[in-house]
Amino acid sequence: MHDFLKSAKFKVLLCFLAFIVGILIYSVTKGGYSLSGVSLFNTVSKPFRTASNKIGIVMEESLDKFFNSDEYYEENKRLKEEIGELNRQLTEYESLKAEVEELRELVSIKQEHEDFEYTEKCDVIGYVTNDPFMSFTIDKGSAEGVKPDCPVVTAEGLVGIIVEVSDHMSTVRTILSPDLSVAAVNSRSNKDMGIVEGDIPSAEKGQSRLIHINKDNKFKKGDLVITSGTSGLFPKDYSIGKILSISPDSNGISDCAVIEPCADISRLSSVYVITDFTGKRAEEEDEN
C-alpha cells in the first residue's frame, strides 16, 4: 500500500480527481452560487440521478407491458373489431351511394324521355379483345328484354347498338365503329345533317366522324350533334357528341367533322338499353 501511494499511477489518479473537483467547483460558483455540501453533492450526483431516472422509466414501461399484456391484448382486439366495423359501414355507405347515383341517373334519363322503355342498369362485363372500336359485352340479354338493334345509352349520350344477344349477355357495337351509321343533326340549327360513322384513326383517339355534310353547313366547333331519328334505329334528339373540328372531305363535294362522343366509350362501367322508343309495346299492351 505504501508503495502504491508513492507510485505514478496514484499521482495520476490524484491529479484526475483534483481536476474533476475543480470542474465541479467552477461549474457551481460560475453562476454566482455558493458552494455548500448539499449543492456539491447534488452536482456530483446529478448524472447518476439522471441515468437512474431513465433506467427506472424503462424498467417501469417493461414491467407494465409484462404484467398488463393481457389487458393490452384485449384492448388491441377490441380496437381491431371497431376498425373492422367502421370499414364495413364505410363499404355499405359507398355501395348505397353508388346505388343512389345509379337511380338518379336512370331517373334523369327517364325524365327526358318518358315514353321510352329501358332495362335496369347493365354492367359492362368487358371489352372485346383486339377490337379497335371498343365493342363490349353487358350482363343483360333476351331474358331481360334485350334484342338486336336496341340502342345503348348512358345519361351522357348514345353509346351504340346491340348486335348479339344470348339469354343473359349481349354484345354492343359502339359509335366508334365504321359498321354503325347514325343519322345526326346539329342541335343548334336543327338543319345541318350528316352521318356519324367511325374509322380506325379516330377510334384510336376515342373519337368518331360526322360525314356527308353539305358544303354550305353552319357547323361550328363545340356544336352538339344529336340523333335525327330518321333511320328508325335510334330515338330522336339523343346526344351523340360535340364537334372538335370540321374540314372538306376527300371527295371534294362535302365536309367531314371530327366529333368527341358525349359518353367516354373507353371507360364505361354501366349502360342502359332502350328496349322500346316507338310506343309500339304500349300499344300492344293496350290492345291485349
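The values are calculated or read from the model by the stated rules, or taken from the named source; none is laboratory data. As the structure is a computational prediction, the values presented were derived from the model and not from experiment. Please note: Cβ atoms are built from the backbone with ideal geometry, for glycine as well, and neighbour counts cover all protein chains shown. Surface accessibility is based on the protein's heavy atoms, side chains included, excluding ligands, DNA and RNA. Shrake-Rupley method; radii C 1.70, N 1.55, O 1.52, S 1.80 Å.
Numbers below:
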read-out: Which numbered condition Gly222 fails, given (1) assigned to a strand (DSSP E or B); (2) within 28 Å of the chain's Cα centre (by Cα); (3) over 17 Å from Ser135 (Cα atoms); value: (1)
read-out: Residues being more than 21 Å from Thr278 (Cβ to Cβ), open to solvent by 20 Å² or more (accessible area, probe 1.4 Å) and of a type in the set (A, V, I, L, M) - total across the stretch 211-237; value: 1
read-out: Identity of the residue in the stretch 119-143, crowded, with 17+ Cβ neighbours inside 10 Å and of a type in the set (Val, Ile, Thr), that ends up farthest from Ser208 (Cα to Cα); value: Thr119
read-out: Selection within the stretch 172-210 - in a strand (DSSP E or B) and surrounded by fewer than 20 Cβ atoms within 10 Å (Cβ to Cβ); value: Ala183, Met193, Ile195
read-out: Selection count, the stretch 249-270, where residues are in contact with a Lys or Arg (Cβ under 8 Å, 6 or more places away or on another chain) and in a strand (DSSP E or B); value: 7
